[in-house]
Amino acid sequence: MTGNIWVVSDTHFSHSNILKFKRRDGVTPIRPGFDSYKHMDEHMIQQWNKVVRPGDKVYHLGDVFFGDKERFKSIWPRLMGSKRLIVGNHDDIPFLSSGGFFQKVQMWRVWKDHKIIMSHVPIHDSGLVRGATTTPMMLNVHGHIHQNKSPKGPYYNVSVENLDDYTPIHLDTLAAHARKVL
């Protein structure tokens, strides 16, 4: 047991337009069932706090929010846990690093003991091997691609659309997956 360490990505808090995004079929929303971004935000806050306790750590793999910074400032303290950011392509790094929102801000995080590397975007498969071997040495836990499948190989997509009802996933679950696929 690693303790209570949770992982999530691409929450896009307050992003009203994401509710208009469709799956590849062009019809089905990637985030169905929400009548507004406020409804979506409240559901994600509820799901987060359903599993994360105040002393837990949460690694957010980027694309935290879109829109009004004041609204974000009111949402963020409602989320339990000590938060760390793996920077996403839509994150306002100066804002998110200066407001005390995150205890750490990083580009990636390696868990050697678990053979996991966390990043926002999927890492090219050549970055998951060492030396002359072509056998993957690490599971890449990532976000960025929302409802789409990860590339073939040792990848695990933790975008909220791929998690169980928008609920952060425990590091132990990811470590078990790494043991299975590596």
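Test Asp56 against the stated conditions and say whether it is among the acidic types (Asp, Glu), under 16 Å from Gln103 (Cα atoms) and under 16 Å from the mean Cα position of the chain (by Cα). So Asp56 fits the description; yes. Filtering Val105, Val87, Val58 for residues that are surrounded by fewer than 20 Cβ atoms within 10 Å (Cβ to Cβ), touching a residue at least 12 places away in the same chain (Cβ under 8 Å) and either in contact with a helix residue (DSSP H, G or I) (Cβ under 8 Å, 6 or more places away or on another chain) or not aliphatic (A, V, I, L, M) (or both) leaves a single hit, Val105.
Does segment 1-55 hold any residues that are acidic (Asp, Glu) and surrounded by 17 or more Cβ atoms within 10 Å (Cβ to Cβ), and which are they? The answer is Asp10, Asp41.
Note on segment 77-114: residues that are within 18 Å of Asn49 (Cα to Cα), within 15 Å of the chain's Cα centre (by Cα) and aromatic (Phe, Trp, Tyr) total 1. Contact map, segment 140-166: residues that are at pLDDT 95 or above paired with residues that are of a type in the set (Gly, Ala, Ser) and not in a loop (DSSP other than H, G, I, E, B), Cβ distance under 6 Å, separation 6+ or inter-chain. Pairs shown: Gly143/Ser9; Gly143/Ser159; His146/Ser159; Val158/Ser9; Ser159/Ser9. Out of Ser16, Ser36, Ser9, one residue alone is closer than 24 Å to Ser119 by Cα and of a type in the set (Ser, Thr, Tyr). It is Ser9. When restricted to residues that are aliphatic (A, V, I, L, M), farther than 14 Å from Leu163 by Cβ and assigned to a loop (DSSP other than H, G, I, E, B), segment 1-60 contains 2.
The values are calculated or read from the model by the stated rules, or taken from the named source; none is laboratory data. Every value quoted in this text rests on a predicted model; they were computed, and no experiment measured them. Every residue, glycine among them, receives a Cβ derived from its backbone with ideal geometry; neighbour counts consider all protein chains shown.
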